[in-house]
Every structure is written in C-alpha cells, then in structure tokens.
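Following: one structure in structure tokens, then a few remarks.
The values are calculated or read from the model by the stated rules, or taken from the named source; none is laboratory data. Just so you know, these numbers come straight off a predicted model, no measurement behind them. Please note: Cβ atoms are built from the backbone with ideal geometry, for glycine as well, and neighbour counts cover all protein chains shown.
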Amino acid sequence: MGLFIPNPGTIFWMVIIFGIVLFILKKFAWKPILSALKDREESIAKALNSAEQARKEVEGLKEGNEKIIAEARIEKDIIIKEAINIKEKIIDEAKEKARLETEKNIEQARQQIQAEKTAAVNDIKKQVAELSVMIAEKVIKKELGNNGEQEKLVNGLVDDIKLN
Amino acid sequence: MWHLKIWMKTMLKTAKVFLIILALSIVNFVPLGAQHANEHISEEQETHTEESFNAGKFVIDHVSDAYDWHIASFGDKHISIPLPIILYSKNPDLHNGKGFHVFMSSKFHHGHSDYKGFRISHSEEFEGKIVELDAQGSEIGKPIDISITKTVAGIFASVVILFWIFLTVARNAKNNKGKAPSGLQNLFEPIIIFIRDEIAKEAIGEKEHERFMPFLLSLFFFILVNNFMGLIPIPPFGANVTGNIAVTMVLALFTFGVTTISGNKHYWKEIYNPDVPWWLKFPIPLMPIVELSGVITKPFVLMVRLYANMLAGHMIVTVFVSLIFIFTSLMGTAAGFGISPVSVAFSVFILLLDVLVSFIQAYVFTLLSALYFGMATSEHH
C-alpha cells in the first residue's frame with residue numbers, strides 16, 4: 001500500500017474510532033478527572049486560605065489578649081490604689097473614733113473623779129463639822145462647867161451675832 | 001517535590017516494563033528477519049536466479065499497512081493473524097451476485113490466491129491493494145474497501161488500552177474524591193495537569209481553555225499511546241499507526257474542524273479582512289489568499305510532521321536490523337553475525353530516541369492544536 005497516499009478505508013475507520021474515543025473519553029474520563037483535579041485544587045486553596053485566616057485570627061486573639069491583660073493590669077493597679085486609700089481611711093477613721101472614745105472616757109472619768117472628789121470633800125466637811133461639833137460640845141461641856149464661863153460665852157456669842 | 005518523587009518512581013517502574021518488552025521484541029525481531037534472509041540465500045544457492053535480500057522491500061513492508069498481521073515466517077510458512085476484509089463492489093455480478101463482502105484475509109493465503117473475484121494485487125498500479133477481477137481474471141479496479149487492516153486493528157488495540165487506562169484513572173479520581181491520588185492516577189495526573197497548565201492555559205487562555213481540554217487530552221494521549229505501541233513490535237502492538245498518513249490526516253482534520261467551528265468574529269476578520277494597507281486587499285485580495293492558505297497549511301503541516309517523524313523512526317530501526325541481512329547476503333554469514341551487535345545497539349539507541357520523539361511529537365501536535373484554538377478564540381490583542 002502506498003505510504004504517501006492516505007487510504008480511504010483507514011480514514012473511514014479512523015474518523016469513526018477517533019470520534020468514539022473523543023466522545024467516550026470526554027464523558028467518562030476527562031470530565032471526572034478534570035473535575036476531581038479542580039475540586040482538589042479548590043479544596044487545597046480553601047484549606048490554605050482558612051489556615052491563613054486562622055493564623056490571622058490567632059494573631060488577633062493574641063493582640064486582644066495582650067490588650068485585655070494590659071487593661072486588667074491597669075485595673076488591678078487602680079483597685080490596689082483604691083484599696084490602699086480605703087485602708088488608710090479606715091485606719092484614720094478608726095484612730096479618730098478611738099481618740100474620741102478615749103477622750104469621752106477620760107472626760108467621764110474626770111467627771112466621776114470630780115463628783116467623787118466633791119462627795120469626798122462634802123463627806124469630809126460633814127465629818128469635820130460633826131467632829132467640830134463634838135469637840136465644841138466637849139470643850140463647851142468642860143468650859144461651861146461653871147456659870148461664869150457660860151455667861152461669858154453667851155455674851156461673846158451675842159457680840160459675834162451683832163457683828164454679823 | 002514529594003509528588004514528583006512518586007511520579008518518577010511510577011515512571012521508572014513503567015520504563016522497566018517497557019525495556020523488558022523492548023529486549024524481548026528485539027530477540028523476536030532478529031530470528032524473524034534472519035529466517036527471511038536465509039530463505040533467500042538457500043534459494044540463491046539452489047537456483048541462482050532469486051535476488052539477494054531486498055532491504056528496501058523489507059523496510060517498506062515493515063512500515064506499510066497490510067491486510068493481515070504478519071508475526072513471523074519460517075521458510076515458506078508464514079505465521080500471521082488474519083484480519084477481516086470488508087468490501088463493497090459496484091459489480092455484484094462478478095462476485096456471486098453479492099455487492100457486500102466480509103471475509104478473513106486468510107482466504108487470500110498471503111496474497112497467493114484469489115477469492116470470490118478479489119485479489120491482493122501485485123500489479124504496478126494497485127500494488128498491495130485489493131482489486132476486483134473480471135470473468136477472465138484480469139484486474140478491473142478497486143472496490144470500496146473498508147477492511148480492518150493492520151493499522152485499523154492497531155488503532156482498535158490502542159483504543160482498548162486508552163479506555164482501560166483512562167477509565168481506571170477516572171474511577172480512581174471518583175473514588176479518591178477529596179483524598180490523595182493513587183496508582184495509575186498518580187502517573188497520569190501530572191501529565192494531564194501539564195497539558196492543562198502549560199499547553200491549554202498558555203495557548204488558549206484562562207477563560208476559554210476549559211472547553212478544549214477534552215479534545216486536547218484525547219489527542220495527546222491517543223498520539224502518545226499509538227506512538228509507544230508502534231515501538232513494541234509484538235501484536236497487538238507494533239502497527240505503524242501514527243506513521244500512517246491517513247491516521248495523521250484524520251487527527252489534523254479534527255483539529256482543523258474544531259478550529260473552524262470555534263473561530264470567532266475576530267478570527268474570520270483576520271483572515272478575510274486583516275488590518276493591512278488597502279492595496280494588499282484590493283483589487284487582488286493578496287492577504288486574504290495568504291491567510292486562507294495559512295488556514296489550510298496549518299493542519300497539513302500537523303499531518304506531515306507527525307507522520308514523517310514516526311515513519312522515519314520506524315524505518316531507521318528496521319534499516320539497522322536489516323543491516324545484518326545485507327551484510328550476510330553480501331559477505332557471508334560471518335559478517336552478518338559480526339555486524340549484528342552493532343545493529344542491535346543502534347536499533348536500541350534509535351528505539352530509545354523514538355521514545356523521546358514519541359513524547360515530543362505528541363506534545364508538539366497538542367501544543368500546535370492548542371495554539372490554533374487560541375488564535376480562533378482570541379479577542380483583539
């Protein structure tokens with residue numbers, strides 16, 4: 001058979017066979033293969049994207065965490081400061097209260113002492129008066145053993161009353 | 001990197017199998033031809049009228065199409081696979097009243113006898129073709145001949161392999177959805193991705209390439225599988241399919257057809273009314289003629305390139321093998337034995353070169369087809 005002249009029979013079969021090959025491979029081979037390839041590429045791209053996103057999110061979280069920690073630290077400082085203030089205030093108040101209480105106590109004690117003192121002095125006065133009366137009685141009893149003396153005393157007393 | 005490694009591994013495995021087949025086939029090849037030569041020598045010694053080993057005929061017979069698939073000859077005994085002959089004759093009265101004939105090629109006894117008024121011609125005009133005979137037994141012309149010749153049988157075999165490979169790959173792809181590829185899928189996916197990314201996307205563009213992908217992939221793997229099968233000289237391989245001009249013509253016509261169908265307004269405008277000075281278009285439409293001839297030339301070049309490359313590869317291998325018999329018939333058996341290591345070495349070298357050429361030609365045919373599709377679908381640039 002001639003090498004350089006295409007044989008019509010071969011052309012006939014080749015058109016039919018290659019047509020069938022094109023049809024069957026397109027439908028049953030290339031479609032699933034290409035779609036599988038595309039799906040895989042897309043899923044890989046998606047996975048990479050989501051990984052990148054996750055990385056960014058983690059970075060964001062980290063930043064947020066740091067911010068939160070910093071805020072917490074500031075708040076802590078504020079709280080501590082406030083606590084110190086409150087403590088000092090409480091101590092001061094307590095001191096003040098204690099002082100006032102003490103003063104009150106002291107005052108009371110002083111008043112009591114005063115009262116006691118007054119009472120004691122009065123008591124002493126009373127006793128002194130009684131003693132004086134007693135002594136005067138005894139003296140008078142002794143002196144007024146005789147009438148002259150009695151007269152003299154009465155006169156003297158009368159004189160004193162006059163003076164007053 | 002990891003993917004490439006696995007690919008290389010699978011490739012090496014395939015290459016090993018291929019080399020073993022190659023080695024076997026060369027062993028097969030040599031005694032086959034040697035028998036041929038010896039036959040001639042013995043005849044020569046006896047009659048001295050028979051020609052010595054005809055290298056030209058040997059080579060041409062090996063690359064030509066045939067009605068049966070020759071495997072080996074032992075002396076006068078030819079072993080070959082008979083193939084169906086399908087004929088339609090316009091003169092049914094010459095063939096027992098029937099116009100349509102289907103029979104096996106073994107009925108011709110390797111071209112030695114006629115059958116039902118048909119004959120494999122030995123005349124100069126119809127050499128090797130089936131001709132009709134008139135009542136006196138003289139050749140009157142060719143019937144319509146759609147026989148399953150060696151080439152067509154080779155195409156069928158390659159299609160079986162093509163289907164087997166890619167339906168398996170497709171099944172793998174379906175089963176492995178969302179998982180890592182496995183098996184045959186691993187071997188072919190990188191090639192498919194290469195065709196998509198380096199050929200289709202580059203030549204046609206991101207937007208349009210998808211609808212040409214099935215055609216380009218089918219084209220590439222059809223050519224590649226047939227190129228490789230042509231290198232293995234054991235049936236059902238070894239038919240010179242891509243080195244047959246009818247086959248490459250149909251492939252080129254398909255590319256031409258797809259280009260023409262998908263040609264957009266811009267493509268046709270570039271052909272019939274390109275942006276050149278008016279005097280190149282009127283009164284003689286010089287540029288349109290040049291452009292139109294380009295449209296015809298493109299598929300023609302595709303056809304000739306693939307055909308010539310594959311044919312030449314097959315021929316050179318056969319020539320190197322036939323060197324043994326040329327030397328034998330010229331200088332005796334010893335010279336034939338002496339030259340055989342050299343010719344086997346050269347044959348192996350050329351076969352390995354042909355492996356490379358098989359890849360390159362499949363690639364080039366696909367790339368150029370993609371470029372033509374790209375031209376047909378491109379917008380203003």
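Would you tally the residues in the stretch B:164-179 being on the phi < 0 side of the Ramachandran plot and within 7 Å of another protein chain (Cβ to nearest Cβ)?
Residues that pass the stated criteria total 7.
Give the residues of the stretch B:124-167 that are of a type in the set (S, T, N, Q) and within 25 Å of B:GLY238 (Cα to Cα), sorted by residue number.
B:SER147, B:THR149, B:THR151, B:SER158
Determine, yes or no, whether A:LEU37 is closer than 30 Å to B:SER218 by Cα, more than 60 Å from the chain's Cα centre (by Cα), at the interface with another protein chain (Cβ under 9 Å from one of its Cβ atoms) and outside any helix (DSSP H, G or I).
When the stated conditions are applied, A:LEU37 does not pass them.
Of a type in the set (Val, Ile, Thr), under 26 Å from B:MET310 (Cβ atoms) and outside the structural domain of B:ALA246 (by TED's automatic domain parsing), is that true of B:VAL63? Spell out the reasoning first.
Details: of a type in the set (Val, Ile, Thr): yes; under 26 Å from B:MET310 (Cβ atoms): yes; outside the structural domain of B:ALA246 (by TED's automatic domain parsing): yes.
Yes: the conditions hold for B:VAL63.
Checking the structure you have, find out if any residue of the stretch B:214-230 is assigned by TED's automatic domain parsing to the domain that holds B:ALA157, surrounded by fewer than 23 Cβ atoms within 10 Å (Cβ to Cβ), hydroxyl-bearing (Ser, Thr, Tyr) and not in a loop (DSSP other than H, G, I, E, B).
Checked against the condition, which is being assigned by TED's automatic domain parsing to the domain that holds B:ALA157, surrounded by fewer than 23 Cβ atoms within 10 Å (Cβ to Cβ), hydroxyl-bearing (Ser, Thr, Tyr) and not in a loop (DSSP other than H, G, I, E, B), the stretch B:214-230 yields no hits at all.
Any idea which residue in the stretch B:234-253 is farthest from the other protein chains (Cβ to nearest Cβ), counting only those that are farther than 14 Å from B:LEU302 by Cβ and surrounded by fewer than 24 Cβ atoms within 10 Å (Cβ to Cβ)?
Within the stretch B:234-253, the match that is farthest from the other protein chains (Cβ to nearest Cβ) is B:ILE234.
Please work out which one of (1) within 20 Å of the chain's Cα centre (by Cα); (2) away from chain A (no Cβ under 14 Å) is the condition B:HIS109 fails and give its number.
Of the numbered conditions (1) within 20 Å of the chain's Cα centre (by Cα); (2) away from chain A (no Cβ under 14 Å), the odd one out for B:HIS109 is (1).
Can you say whether B:PRO190 is without any contact (Cβ under 8 Å) to a residue 60 or more places away in the chain and more than 20 Å from the chain's Cα centre (by Cα), as far as the supplied structure shows?
On the way: without any contact (Cβ under 8 Å) to a residue 60 or more places away in the chain: no; more than 20 Å from the chain's Cα centre (by Cα): yes.
No.
Somewhere in the stretch A:17-28, is a residue among the charged types (D, E, K, R) and either more than 7 Å from chain B (Cβ to nearest Cβ) or closer than 15 Å to B:LYS177 by Cβ (or both)? Before the answer, list the steps.
The first filter runs over the stretch A:17-28 and keeps only residues among the charged types (D, E, K, R), leaving A:26-27.
Subset that is either more than 7 Å from chain B (Cβ to nearest Cβ) or closer than 15 Å to B:LYS177 by Cβ (or both): A:27.
Taking every residue of the stretch A:17-28 in turn, at least one turns out to be among the charged types (D, E, K, R) and either more than 7 Å from chain B (Cβ to nearest Cβ) or closer than 15 Å to B:LYS177 by Cβ (or both).
Pairs under 6 Å by beta carbon, first residue under 18 Å from A:ILE5 (Cβ atoms) in the stretch B:104-127, partner of a type in the set (A, V, I, L, M, F, W, C), six or more apart or different chains?
Final answer for the pair search is B:ILE120/B:PHE108; B:ILE120/B:ILE130; B:SER121/B:VAL131.
In the stretch B:139-163, what count of residues is obtained for those that are touching a His at 6+ places or on another chain (Cβ under 9 Å) and at the interface with chain A (Cβ under 10 Å from one of its Cβ atoms)?
1
So, of the residues in the stretch B:62-77 that are more than 16 Å from B:SER322 (Cα to Cα) and away from chain A (no Cβ under 13 Å), which turns out to be surrounded by the fewest Cβ atoms within 10 Å (Cβ to Cβ)?
B:ASP76
Does the stretch B:139-156 hold any residues that are among the hydrophobic types (A, V, I, L, M, F, W, C) and not in a helix (DSSP H, G or I), and which are they? Spell out how you get there, then give the answer.
To start, the set of residues in the stretch B:139-156 that are among the hydrophobic types (A, V, I, L, M, F, W, C) comprises B:140, B:144, B:146, B:148, B:152-153, B:155-156.
Across the stretch B:139-156, the qualifying residues are B:ILE140, B:ILE144, B:ILE146, B:ILE148.
Quick one: would you say A:PRO32 is over 30 Å from B:VAL63 (Cβ atoms) and within 14 Å of chain B (Cβ to nearest Cβ)?
Working: over 30 Å from B:VAL63 (Cβ atoms): yes; within 14 Å of chain B (Cβ to nearest Cβ): yes.
Spelling it out, A:PRO32 is indeed over 30 Å from B:VAL63 (Cβ atoms) and within 14 Å of chain B (Cβ to nearest Cβ).
Name the one entry in B:ILE350, B:ILE284, B:ILE326, B:ILE339 that is outside any helix (DSSP H, G or I), out of contact with any Asp or Glu (no Cβ under 7 Å at 6 or more places or on another chain) and farther than 28 Å from B:PHE212 by Cα.
Within the list B:ILE350, B:ILE284, B:ILE326, B:ILE339, the selection yields B:ILE284.
Go through the stretch B:186-215 and count every residue that is within 12 Å of chain A (Cβ to nearest Cβ) and more than 16 Å from B:ILE360 (Cβ to Cβ).
15
Does B:PHE126 qualify as being closer than 30 Å to B:ASN227 by Cα and buried (at least 17 other Cβ atoms within 10 Å of the Cβ)?
So B:PHE126 fits the description; yes.
Only one of these conditions is not met by B:GLN361: (1) surrounded by fewer than 14 Cβ atoms within 10 Å (Cβ to Cβ); (2) touching a Leu at 6+ places or on another chain (Cβ under 9 Å); (3) of a type outside the set (Lys, Arg). Which number is it?
Among (1) surrounded by fewer than 14 Cβ atoms within 10 Å (Cβ to Cβ); (2) touching a Leu at 6+ places or on another chain (Cβ under 9 Å); (3) of a type outside the set (Lys, Arg), B:GLN361 violates only (1).
Search the stretch B:124-138 for residues being in a loop (DSSP other than H, G, I, E, B) and either hydrophobic (A, V, I, L, M, F, W, C) or within 23 Å of B:HIS62 (Cα to Cα) (or both), and hand back the single one that is nearest to the other protein chains (Cβ to nearest Cβ).
Filtering first and then ranking leaves B:GLY128.
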